[in-house]
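These notes concern the structure reproduced below.
The values are calculated or read from the model by the stated rules, or taken from the named source; none is laboratory data. Note that the structure is predicted; figures quoted are calculated from it, not measured. No Cβ is skipped: glycine too gets one built from the backbone with ideal geometry, and neighbour counts run over all protein chains shown.
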Amino acid sequence: MSELQKNITRINEKLQQLLKQFQVLQKENLQQREQITGMQAQQLKDAAALKQMQEQVLVLKAAAGSMTDADKKEFEKNINRYMKEIDKCIGYLSE
């Protein structure tokens, strides 16, 4: 076998190895992207659940009468936000 043929064969083998590595890395990349997407969705769910729980804590404090001034302001802020949303909904329904 000539020297040129050996070099071509060696280069071809290296290219095949690189192609296999590339395919493996592509699969890993896809799996990691899917994992990231799943984690982001879970993070959004967790953030929504946390917000809901924080609002429940404020309601429970209001019911128990153990609210601080900061809690009262936050509670009033939430109530005002809900009232604005309700007013918007009523406006949409009346159109």
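Please indicate, with yes or no, whether at least one residue in region 46-66 is surrounded by 10 or more Cβ atoms within 10 Å (Cβ to Cβ), part of a helix (DSSP H, G or I), modelled with pLDDT of 95 or more and not hydrophobic (A, V, I, L, M, F, W, C). Scanning region 46-66, I find at least one residue that is surrounded by 10 or more Cβ atoms within 10 Å (Cβ to Cβ), part of a helix (DSSP H, G or I), modelled with pLDDT of 95 or more and not hydrophobic (A, V, I, L, M, F, W, C), so the answer is yes. Answer with yes or no whether Glu74 is touching a Leu at 6+ places or on another chain (Cβ under 8 Å) and not small (Gly, Ala, Ser). So Glu74 fits the description; yes. The set of residues from region 67-95 being at pLDDT below 85, more than 20 Å from Gln52 (Cα to Cα) and β-branched (Val, Ile, Thr) is empty.
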